[in-house]
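Below is one structure; the comments refer to it alone.
We did not get these values from a lab; they are worked out from the coordinates using the rules stated. It should be emphasised that the depicted structure is a prediction, and the values quoted were computed from it without experimental measurement. A quick note on method: Cβ atoms are made from the backbone with ideal geometry, for glycine too, and the neighbour counts reach across all protein chains shown.
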Amino acid sequence: MLSWLKAMKHKLNLILVHALFGVMGGGIYFLIETIWKGKPTNWTMAVLGGLCFVIVGLLNEGKHQFKQWQQVVIGTVVITVLEGLTGVVLNNILHMGVWDYSHLPFTFFFGQCNLFFCCAWALLSFIVIHLEDKMHEIVDNM
């Protein structure tokens, strides 16, 4: 195959993988939130979940190859920061009441993040890293 065509196919595969991964991640996170709360959650959680899946998935792409434990740590921090920023906007500024950690110990970031959920984000990051690698395998072999 011509080198430019091969490069183009690779770039299109990257776009496809991350677009699909964002949609899949949004759906998975929306489902997790809905099951956890026992009722459908706000649509913004699908957007946040998709964004987190894509960002964590991108941690092992490009020139900077991180070790798996580094990806998990960075992914946990990224998800926690995005959770905090989203929470400040949705819960503190817009008063949408999407989540409330005020009754839990170890809550921080203006009441929008909690240490227990940071541990959950670490586990989720670990799973996302492996799912994203598997998606690459599938799409690259198409």
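Observations
- Violating pairs (Cα-Cα greater than 24 angstrom) within the set Lys37/Lys134; Lys39/Lys134; Lys11/Lys63: Lys37/Lys134; Lys39/Lys134
- Label assignment, Rg and Dmax of the Cα atoms in Å derived from the structure, set [x] 16.9, 60; [y] 23.0, 71; [z] 22.3, 67: [x]
- Between Phe109 and Asn42, the contour length at 0.36 nm per residue exceeds the Cα-Cα span by 22.1 nm.
- Most mobile listed residue (His95, His130, His64) in the chain, GNM with C-alpha springs under 10 Å: His64
- Approximating the spin labels as points 7 Å out from Cα along Cα→Cβ, the Val81-to-Asp133 distance works out to 2.4 nm.
- Of all the options Leu58, Leu124, Leu94, the one that moves most in a Gaussian network model of the chain with Cα springs shorter than 10 angstrom is Leu94.
- Shape category assigned to region 74-142 from the gyration tensor of Cα positions, a/c cut at 1.5: prolate
- Listed residues Gly27, Gly97, Gly62, most fluctuating in the chain (Gaussian network, C-alpha, under 10 Å): Gly62
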